[in-house]
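Right, one structure below, let's go through it.
The values are calculated or read from the model by the stated rules, or taken from the named source; none is laboratory data. These numbers come from a predicted model, not from an experiment. Note: ideal-geometry Cβ built from the backbone for every residue, glycine included; neighbour counts use all protein chains shown.
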Amino acid sequence: NPAPVTTIATLGQHEGQTITLRGWLYNLRSSGKLLFPTFRDGSGTIQGIVPKAAVAEEVFETLKNLTLESSVVVTGKVRADSRAPSGFELDVENVTVTQRIADETPYPISLKEHGVDFLMEHRHLWLRTPRQSAILRVRATIMRAAAEYFDTNGFIRTDPPILTPNACEGTSELFEMDYFDDDKAYLTQSGQLYIEATALALGKVYSFGPTFRAEKSKTRRHLTEFWMIEPEVTYLDLDGLMGLAEGFLTHIVTRVLETHRADLKVIGKEVSKLEAVAAPGEFPRLSYDEAHQMLVEAHAKGLIENAHTYGDDFGSPDETYISNQFDKPVMVHRYPAEVKAFYMQPDPNDPTKALCVDVLAPEGYGEIIGGSQRVDSYDLLKSRIEQHNLPLAAFQWYLDLRKYGSVPHSGFGMGIERAVAWICGLEHVRETIPFARTLNRIYP
Ligand code: 4AD
Ligand code: MG
C-alpha cells in the first residue's frame, strides 16, 4: 500500500497516517543526529523531524546534504503538535529527490533579508515564499468573490475590448500603439464606456479584466497594468450605487475571512480590522463638503500637516486621515465636477458637483473604488467631450447611447490590487499581483 499523496493544507484529515507530500525543501536545521527540514508544497509549510536512528542511513544523508528549494517527494507520518504553526509535524520516513539544486548554483533567495529591488528582479522565485504564496491565494479568493457577487445578483459578464480607439480616464495616461497602416490604438484604461453600451442592452452587467495606465507616478498604489472589476446598471442612481459598493465589499471581506485566516496570519494582517468591516452596519457616507470640513478641523487641531484647499482632490494624507476616523470603508460622494471625469452626471442640486463616489479603504489604504452616475443627456455629454478636448469622432458611438433610448445609469470600478493591498495589509501594490508592472519595471 503506497502512502496516499496529499497536501500540507489538508494534513488535518490524515493525523496518525503515513502520507506522501510533493514539494520543495524550504529550510533545513540540524543538530547532530537530528534534522529539522521544513517542506513547502504550495498549500503551506510543515516541519519534518528526522532522527538519524529512525530512518535509513541513505535518507538521513540525502536530507542532510540537500540544497534549499530542491524538489522532493517526502513520505512520513502526520503527528499533531500544538506548537507547530500548522498544528502538525511530519515524522519523515522516506525522501526521493526530484531535482537537487547544484551546490555551485544555490537558490538565489536565501532566508535572510533581501532588498526589494533584488526580490522584484527575482519575482519568479520570490513567489515561492510562504508570505507571497499566501497573498496570491487571498488574491484568487478576492477575484472569485468579486465575480461571484455579481454572478449571483443577476449581472451578466460582458468583456470589453482591451485595444481601444479612445481614452476613458484622461489622455495623459494612455499606452499608445500602431494599429496597422494609419491607425493608432490604445490599451484600455477602463471598460466603462463599453459596458455602458452592454448595460443598455442587458440591464445589469459587469466586466473584469486587465486595464492599463501609463502612470508616470511612482507611488505605493499605482501599477501600469492592473485588474479592474466594473459593474454598470441601468436605472441606478448614486445612492443605489453606494449600496451596491457596500454589499460588494462586505461580501468579498466575508469570503476572505471564511477561508484565509491562516494565510492572513502568515501575511501578518490583523483579522479584527476585517471583522469590523464584515460586521453588520452601514458604511459611512460623507459628501465632499463634509470631508473637506473634517480636514479643516483636523488641520486646525494640528492633526494633519497640510491644509486642504476647497475644490482640490484629496491627497493621500487627507484620505488616510478621513479613513482613520472609521472602522469601515468610507464613501465620499459629490466631488467638484472639475476634478472628475467628463462622463459624470452633475448633481441637480448643485451642478458644480458630480454624482460620484470614491470608496476609501480603512487603515489609510486610500481609494479602492471610483464610480458615478453617468451623464445621460446627449447635449450635455457632447459639450463635455468638447470641453475636455476629446476627439468627437471617436466618441460617436458613445454619444449614440444618449441618442437612442438613453436612461439614467451608474457604475463603478474596483482595482483588484488596491483591494488586495488593503485586505492583506501590504505596504505596496507590487506584492498584490504575480508580476507587477510599474514605471521602472517590466522584468521578469
Ligand atoms: O477611479 P478610476 O480611475 O475609475 C475608472 O476607471 C472608472 N471608469 C470606473 C468605472 O466607473 N467603471 O479607477 C477605478 C479604480 C480605482 O479606484 C483604483 O482601485 C483602481 O481602479 N486604479 C488603479 N489600481 C492600480 N494602479 C493604478 N494605476 C490604478 N488606477 C486606478
Ligand atoms: Mg478614481
- Task: Filter region 156-196 for residues that are away from ligand 1 (no atom under 13 Å from the Cβ) and within 18 Å of I229 (Cβ to Cβ) and give the result.
- Result: I156, R157, D159, P161, I162
- Query: How many residues does region 214-251 hold that are among the β-branched types (V, I, T), within 15 Å of ligand 2 (Cβ to nearest atom) and in contact with a Phe, Trp or Tyr (Cβ under 9 Å, 6 or more places away or on another chain)?
  - Reply: 1
- May I ask you to list the residues in region 404-424 that are within 12 Å of ligand 1 (Cβ to nearest atom) and assigned to a helix (DSSP H, G or I)? I416, E417, R418, A419, V420, A421, W422
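Looking for something closer than 26 Å to F283 by Cα, without any contact (Cβ under 8 Å) to a residue 24 or more places away in the chain and either within 16 Å of ligand 2 (Cβ to nearest atom) or within 27 Å of the chain's Cα centre (by Cα) (or both) - is there at least one such residue anywhere in region 397-416?
no
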- Over region 127-156, the set of residues charged (D, E, K, R) and in contact with a helix residue (DSSP H, G or I) (Cβ under 7 Å, 6 or more places away or on another chain) is R131, R137, R139
- Item | Residue count, region 336-372 (criterion: more than 19 Å from V277 (Cβ to Cβ) and more than 10 Å from ligand 1 (Cβ to nearest atom)) | 16
- Message: When you scan region 250-270, do you find a residue that is under 14 Å from V359 (Cβ atoms), touching a Leu at 6+ places or on another chain (Cβ under 7 Å), surrounded by 21 or more Cβ atoms within 10 Å (Cβ to Cβ) and not basic (K, R), even just one?
- Response: yes
- Task: Please state which one of D350, D327, D318 is surrounded by 19 or more Cβ atoms within 10 Å (Cβ to Cβ), charged (D, E, K, R) and at pLDDT 95 or above.
- Result: D318
- Restricting to strands (runs of 3 or more DSSP E) lying wholly in region 139-246: which have 2 or more residues that are surrounded by 15 or more Cβ atoms within 10 Å (Cβ to Cβ) and among the acidic types (D, E)? 225-234
- Query: Can you name the residue in region 351-375 that is of a type in the set (A, V, I, L, M, F, W, C) and within 14 Å of ligand 2 (Cβ to nearest atom) and, of all such residues, is farthest from Q192 (Cα to Cα)?
  - Reply: A361
- Within region 185-213, the count of residues that are more than 16 Å from ligand 2 (Cβ to nearest atom) and more than 26 Å from D151 (Cβ to Cβ) comes to 3
- Note on the structure: Residue set P317, P280; condition within 25 Å of F248 (Cα to Cα), within 26 Å of the chain's Cα centre (by Cα) and without any contact (Cβ under 8 Å) to a residue 40 or more places away in the chain; output residue P280
- Of the residues E427, E386, which single one is more than 9 Å from ligand 1 (Cβ to nearest atom), under 30 Å from G268 (Cβ atoms) and exposed (fewer than 15 other Cβ atoms within 10 Å of the Cβ)? E427
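Going by the structure shown, is V330 at negative phi and either within 23 Å of the chain's Cα centre (by Cα) or more than 13 Å from ligand 2 (Cβ to nearest atom) (or both)?
Yes.
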- Message: Residues to consider are L34, L63; find the one that is without any contact (Cβ under 8 Å) to a residue 40 or more places away in the chain and surrounded by 20 or more Cβ atoms within 10 Å (Cβ to Cβ).
- Response: L63
- Select from region 354-383 the residues that are among the small types (G, A, S) and under 16 Å from A421 (Cβ atoms) and write down the one among them that is surrounded by the fewest Cβ atoms within 10 Å (Cβ to Cβ). G364
- Tally of residues being modelled with pLDDT of 95 or more and more than 15 Å from ligand 1 (Cβ to nearest atom) across region 389-403: 6
